[in-house]
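Read the structure below first, then the notes.
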Amino acid sequence: MGPRRSNRLGRLLAAALLGTVTGCAALRADLEQRFLESFLELTFDPPANLMAPEQVHVVDTEERQVTLAWDPVLVGDVAGYVILRSGESEGPFEVAGRTVSCFGTVFTDRGPEPGSLGDAQTYYYRIHAFEGAGSVSRTYASSRATTEPPPRAPGGLRAYSNRPRLVVLSWDASPSRSVAGYGVYRSPTAAGPWDRVAYVPDRFRTVYEHPVAGDLRVMYYRLTAMNRYGGESETTEPVRAVTKAEPLPPLGLRVTDQRLGWVDLRWAPNVERDVVAYEVWRVRLDEGGVREEERIGRVSAPSIELRDEDLGCGERVRYRVRATDADGLVSEFSRPLEVSGTDIGVRVESSGDGRVLRWDPDRVEGWMGVRAYRRRRFLPDTLLAQASETREIALPELASGTHRLAVVLVRPAVAAPGPQASIPGAAPSVRLSPPCEIEVQVP
């Protein structure tokens with residue numbers, strides 16, 4: 001009796017309060033509704049003597065919620081209706097909610113939390129009328145409803161291949177209005193395993209570009225449609241996609257001509273039609289091992305040759321070439337080509353009472369003069385001798401010990417095929433060859 005007496009007392013107090021408010025029917029109705037929604041306690045014992053609602057029907061089951069409607073009970077002091085829910089036909093039932101008017105005959109059950117009713121779940125409902133004092137009728141109307149199933153999978157999944165490190169997917173929008181987006185799944189094989197790599201929001205957004213870290217990568221994709229609570233459709237059939245392959249490594253790297261200080265390189269053109277350039281890389285080899293590789297030139301296709309004008313006398317180098325296509329994809333390097341720079345065969349021989357510096361005249365064609373320098377570790381090199389149009393140079397007397405000499409060929413700058421060497425004494429009007437060094441032992 002306690003709860004019922006409390007409800008009646010609360011209602012009397014509310015009526016007294018409302019009675020003090022004159023000329024405000026809307027305010028009075030609002031206060032009464034607030035009381036029924038928030039303060040009125042419902043009790044099933046003792047029950048109210050009210051009729052059960054009739055014509056109960058399910059209006060909607062979308063978005064993981066159930067909307068019910070019924071005809072109003074027009075007999076008796078009906079203050080509203082309480083709706084009970086259960087996952088089993090025989091219960092137990094729990095209160096899903098209430099309406100607070102005799103004509104409050106529509107109710108949407110969203111569950112304890114939004115989305116908690118799930119997809120394709122069946123629930124049983126009982127609808128009781130209750131009176132103004134909070135007593136609930138013993139009689140009720142019943143109904144059963146099943147929430148909307150998960151969305152239907154999208155159709156028409158297509159993959160666009162041969163894109164540079166990218167796969168483009170497109171599909172038809174799911175016909176389910178509850179779809180909030182799409183799950184994108186990827187696998188290296190058609191049999192799986194599958195990983196979700198993206199979520200594409202919006203039912204009508206039906207294109208997705210997926211970056212792929214690699215060239216000529218084979219991937220399989222499939223989709224699901226998802227509602228806003230994470231419920232997913234069945235997956236589509238997988239589709240296969242392949243990223244664009246990088247260009248092939250250039251073939252046939254070779255030397256076509258070589259002189260002191262420079263070398264001409266050539267290779268075969270790539271078979272790919274969209275190759276736009278070739279890069280030539282060089283590494284200098286010495287007795288201490290391999291130095292850092294450096295790019296010495298880039299030529300635009302269809303050109304397939306390059307001159308390296310920075311090759312030392314007798315220097316050992318290694319060349320490699322790689323191709324770049326219009327999408328910026330770069331090939332692997334070609335097979336390496338090792339080259340030794342031209343050496344003029346410089347040597348020191350005895351002649352009479354002194355020494356002369358000689359070289360192979362067939363290797364100095366086009367050079368007009370010769371200069372000989374003595375290398376010094378901490379001081380600038382010193383010029384020992386020079387001559388024009390000759391095959392040898394007489395060397396001055398050298399002190400006992402080991403001397404490192406550098407021989408440089410000279411010709412007019414306008415005819416020079418190679419860079420000017422950094423040897424002291426070079427005039428602006430001449431071009432110097434790379435120095436050819438020799439070690440001389442003086443007893």
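The values are calculated or read from the model by the stated rules, or taken from the named source; none is laboratory data. Just so it is clear, the structure is predicted and the values come from calculations on it, not from any experiment. Neighbour counts run over all protein chains shown; Cβ positions are idealised from the backbone, glycine included.
Pick from Pro302, Pro336: which is in contact with a Pro (Cβ under 9 Å, 6 or more places away or on another chain) and at pLDDT 85 or above?
Criteria check complete, one pass: Pro302.
Out of (1) within 30 Å of Leu398 (Cα to Cα); (2) in a strand (DSSP E or B); (3) free of Cβ contacts under 8 Å to residues at least 40 places away in the same chain, what's the single condition that is false for Val283?
Tallying (1) within 30 Å of Leu398 (Cα to Cα); (2) in a strand (DSSP E or B); (3) free of Cβ contacts under 8 Å to residues at least 40 places away in the same chain, Val283 fails exactly one: (1).
Taking Arg177, is it under 30 Å from Gln65 (Cα atoms), not small (Gly, Ala, Ser), not assigned by TED's automatic domain parsing to the domain that holds Val330 and not in a strand (DSSP E or B)?
On the way: under 30 Å from Gln65 (Cα atoms): yes; not small (Gly, Ala, Ser): yes; not assigned by TED's automatic domain parsing to the domain that holds Val330: yes; not in a strand (DSSP E or B): yes.
So Arg177 fits the description; yes.
Where the second residue is surrounded by fewer than 22 Cβ atoms within 10 Å (Cβ to Cβ) and outside any strand (DSSP E or B) and the first is aromatic (Phe, Trp, Tyr) and lies in segment 123-142, which pairs have Cβ atoms under 6 Å and are six or more apart or on separate chains?
Sorted first by the residue in segment 123-142, then by its partner, the pairs are Tyr124/Ser89; Phe130/Leu42; Tyr140/Ala52.
Residues checked against (1) touching a strand residue (DSSP E or B) at 6+ places or on another chain (Cβ under 9 Å); (2) among the hydroxyl-bearing types (Ser, Thr, Tyr); (3) more than 13 Å from Ala406 (Cβ to Cβ):
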{"position": "Ser334", "(1), (2), (3)": "yes, yes, yes"}
{"position": "Leu357", "(1), (2), (3)": "yes, no, no"}
{"position": "Arg363", "(1), (2), (3)": "yes, no, yes"}
{"position": "Trp367", "(1), (2), (3)": "yes, no, yes"}
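State the number of residues belonging to segment 128-159 that are under 21 Å from Arg203 (Cα atoms) and either out of contact with any Phe, Trp or Tyr (no Cβ under 9 Å at 6 or more places or on another chain) or in a loop (DSSP other than H, G, I, E, B) (or both).
Of the residues in that region, 11 qualify.
Can you tell me which residue within segment 221-274, out of those that are acidic (Asp, Glu) and part of a strand (DSSP E or B), is modelled with the highest pLDDT?
Ranking the candidates gives Asp264 first.
Examine segment 305-320 for a residue that is modelled with pLDDT of 95 or more and among the aliphatic types (A, V, I, L, M), and state whether such a residue exists.
Checking segment 305-320: at least one residue is modelled with pLDDT of 95 or more and among the aliphatic types (A, V, I, L, M).
For segment 303-354, what are the residues that are touching a helix residue (DSSP H, G or I) at 6+ places or on another chain (Cβ under 9 Å) and either crowded, with 17+ Cβ neighbours inside 10 Å or free of Cβ contacts under 8 Å to residues at least 12 places away in the same chain (or both)? Outline the logic, then answer.
Taking segment 303-354 first, the residues touching a helix residue (DSSP H, G or I) at 6+ places or on another chain (Cβ under 9 Å) are 342-345.
Passing the criteria: Thr342, Ile344.
So which residues in segment 160-174 are part of a strand (DSSP E or B) and either of a type in the set (Val, Ile, Thr) or out of contact with any strand residue (DSSP E or B) (no Cβ under 8 Å at 6 or more places or on another chain) (or both)?
Correct list: Arg163, Val167, Val168.
Being in contact (Cβ under 8 Å) with a residue 60 or more places away in the chain and out of contact with any Gly (no Cβ under 8 Å at 6 or more places or on another chain) is the filter here, so list the residues in segment 64-110 that pass it.
Val66, Leu68, Trp70
A quick yes/no check of all residues on (1) more than 28 Å from Glu63 (Cα to Cα); (2) in contact with a strand residue (DSSP E or B) (Cβ under 6 Å, 6 or more places away or on another chain); (3) of a type outside the set (Lys, Arg):
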| residue | (1), (2), (3) |
| --- | --- |
| Thr224 | no, yes, yes |
| Arg240 | yes, yes, no |
| Leu248 | yes, no, yes |
| Leu260 | yes, no, yes |
| Trp267 | yes, yes, yes |
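In segment 111-120, is there at least one residue being in a strand (DSSP E or B) and within 55 Å of the chain's Cα centre (by Cα)?
No - not one qualifying residue is present in segment 111-120.
Can you pull out the residues in segment 361-377 that are under 17 Å from Glu439 (Cα atoms) and not in a strand (DSSP E or B)?
Those that are under 17 Å from Glu439 (Cα atoms) and not in a strand (DSSP E or B): Arg375, Arg376, Arg377.
Please tell me if Asp327 is farther than 18 Å from Ala245 by Cβ, in a loop (DSSP other than H, G, I, E, B) and of a type outside the set (A, V, I, L, M, F, W, C).
Criteria not met by Asp327.
Return the total of residues in segment 169-222 being crowded, with 16+ Cβ neighbours inside 10 Å and basic (Lys, Arg).
3
Which residue pairs have Cβ atoms closer than 7 Å, lie 6 or more positions apart in sequence or on different chains, and pair a first residue in segment 382-408 that is assigned to a loop (DSSP other than H, G, I, E, B) with a second residue that is loosely packed, with under 15 Cβ neighbours inside 10 Å?
Glu389/Met368; Arg391/Pro361; Leu398/Val442; Ala399/Val442; Ser400/Val442; Ser400/Pro443
For segment 381-407, give me each residue that is surrounded by fewer than 12 Cβ atoms within 10 Å (Cβ to Cβ), charged (D, E, K, R) and under 16 Å from Glu439 (Cα atoms).
The answer is Glu397, and nothing else.
Please go through segment 196-220 and pick out each residue that is farther than 12 Å from Val167 by Cβ and outside any strand (DSSP E or B).
Selection gives Asp202, Arg203, Phe204, Arg205, Thr206, Asp215, Leu216.
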